[in-house]
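Remarks on the structure that follows.
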Amino acid sequence: MRFLGNIEAKTDAKGRAFLPATFRKVLQAGGDERLVLRKDVFQPCLVLYPESVWNEQMDALRSRLNRWNKQHQQVFRQFVSEVELLTLDGNGRFLIPKRYLRMADIIQDIKFVGMGDTIEIWSNKKAEELQMKPEEFGEALEELMTIEEK
């Protein structure tokens, strides 16, 4: 599953948004009908996981944690409990709960960003603020791609 590109959109008064058609096609081709919504761990955005990708992430995290370690249990609990299971309606819309809109500082204008196996949902304003300058991006990419493997 590969979600690529970015698409600007709007939420309606109830907090519903249309999942862009290009992303819906990728989702359908992957056989997923449901999505999992979560606030990103690091950035002020929301992340949509196809249910199969979410399950893989959850299994990967669980495999690294010890059930008998208090902190590990707290991390896992917080990761899996702060999610919303979503299904698209017949028109390709889904509801973003109000608490998630607040978490991501979304008022109405949003940007969907394809991140490979997930889709980020940003407030348009926040997405622009956090974008790297072209020269910074080029330097960072060059540094990452020229690191020698050990």
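The values are calculated or read from the model by the stated rules, or taken from the named source; none is laboratory data. These numbers were taken from a predicted model, which means no experiment stands behind them. With ideal geometry, Cβ positions are generated from the backbone for all residues, glycine too; neighbour counts draw on all protein chains shown. Each accessible area value is taken on the protein alone, full model and side chains, heavy atoms only, with ligands, DNA and RNA left out. Shrake-Rupley method; radii C 1.70, N 1.55, O 1.52, S 1.80 Å.
General observations
- GLU149 out of contact with any Lys or Arg (no Cβ under 9 Å at 6 or more places or on another chain), more than 21 Å from GLY5 (Cα to Cα), at pLDDT below 90 and open to solvent by 50 Å² or more (accessible area, probe 1.4 Å): yes
- Reported count of residues in region 37-78, each being under 19 Å from the mean Cα position of the chain (by Cα) and either open to solvent by 60 Å² or more (accessible area, probe 1.4 Å) or among the aliphatic types (A, V, I, L, M) (or both), is 18.
- Selection within region 24-36: residues that are open to solvent by less than 30 Å² (accessible area, probe 1.4 Å) and at pLDDT below 95. The member of this set that is nearest to VAL113 (Cα to Cα) is LEU27.
- Strands (runs of 3 or more DSSP E) (entirely within region 1-44) containing at least 3 residues that are within 12 Å of ILE121 (Cβ to Cβ) and in contact (Cβ under 8 Å) with a residue 60 or more places away in the chain: 6-10
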